[in-house]
Amino acid sequence: MIPDQDGQPLAPGLYLVATPIGNLEDITLRALRVLRSVDRIACEDTRQTQKLLNHFDIRTPTVSYHKHNEVGRAIELAAALRADARIAVVSDAGTPGIADPGGQIAAAAIRAGVPVFPIPGANAAISALIASGLVGTALGSSDENAEQFTFHGFLPSKEGQRRTALEALHRSTSQNRVPQLPTLGHGNDAASPHIFYEAPHRILATLADIAAIFGPAQHVVVARELTKLHEEFLRGAVSEVRKTLAARATVRGEIVLLFVPSVAESTGDTAPASIAAEVRELMQKESLAEKDALKRVARARGMAKSEAYRELQRNRSK
């Protein structure tokens, strides 16, 4: 057995090992030692993990452990752990158990009285947060809550559910209370940074929703391809950030989206004006045709005209 740091063999138990989120140098020396020492490695995607193992010449056997087999595999792995196995769990990138498989086997191991060891390392949410410029900048934040944040994981993939989640966040900010959303945070101040993961093919629609709900001037940070060759931070008004991304042929890479809900946009007791209300107001005040009013509202909100039209139809159906 390969000795642990103190010269002793690696203890039996479950090891939750953080892996690189982009740059292979994100891996820690301790993580490499553990991955070489365990009996097997449970991987979100064995093919993806094998690339990492090959790079560092690690030949430990692997087994799949992902959201589609998590329940059954957790039972199997827990049985091996009770027999004093040493098992590592890794996700494709970052820290397992946070928006990735790992939580169920950790809970099963704890119930069985098996030691669970966190092997810390790269994490996309924290990496994006510390470089976002949002820590401690929320308006009205006190010294005690200046470092609070709330992590939501992925927003719902369906448009209606995503808007409902963002509207709940808007209402909670307006009322200065915590939204009833799944969260993991260092605090619960609604005026502190909120962190989301988002897929590249949904980011434009999500930014349009934020513009519609929090206003086009809402400051956001989009962190893309963290620690990779094309790492990028886009900071600014949501309408401008969306315009920048929309001008590209494609948007690629893993994305972390962060923003502090704008106090100026969310201090009242009512939700922001709907697209239908804004269109009506422009038609009355400036005698515009509906299509011209809609075009102006879409531009102000950082939305495509087609998206604004669909939202207008939804407003009318309510």
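Highest mean packing comes first when the peptides 58-64, 94-100 are listed by Cβ atoms within 10 Å, giving 94-100, 58-64. Taking other residues whose beta carbon is less than 12 angstrom from the beta carbon of Ala293, and scoring Lys, Arg as +1 and Asp, Glu as -1, yields +2. With each label modelled as a point 7 angstrom along the Cα→C-beta vector, the Ala107-Gln50 pair spans 3.2 nm.
The peptide list 29-38, 286-295, put in order of mean Cβ contacts within 10 Å with the highest first, becomes 29-38, 286-295. For the stretch 34-167, the relative contact order is 21 percent, taking Cα pairs closer than 8 Å that sit 6 or more residues apart in sequence and dividing their mean separation by the residue count. Near Ile105, once Lys and Arg are set to +1 and Asp and Glu to -1 for all other residues with Cβ below 15 Å from its Cβ, the sum equals +1. A simple count of charges around Met283, restricted to other residues whose Cβ falls under 9 Å of its Cβ and scoring Lys, Arg +1 and Asp, Glu -1, yields -2.
No lab work stands behind these numbers, since they all come straight from the coordinates. Fair warning: this is a prediction, and the values are worked out from it, not measured in the lab. Ideal geometry is used to build each Cβ from the backbone, glycine not excepted, and the neighbour counts take in all protein chains shown.
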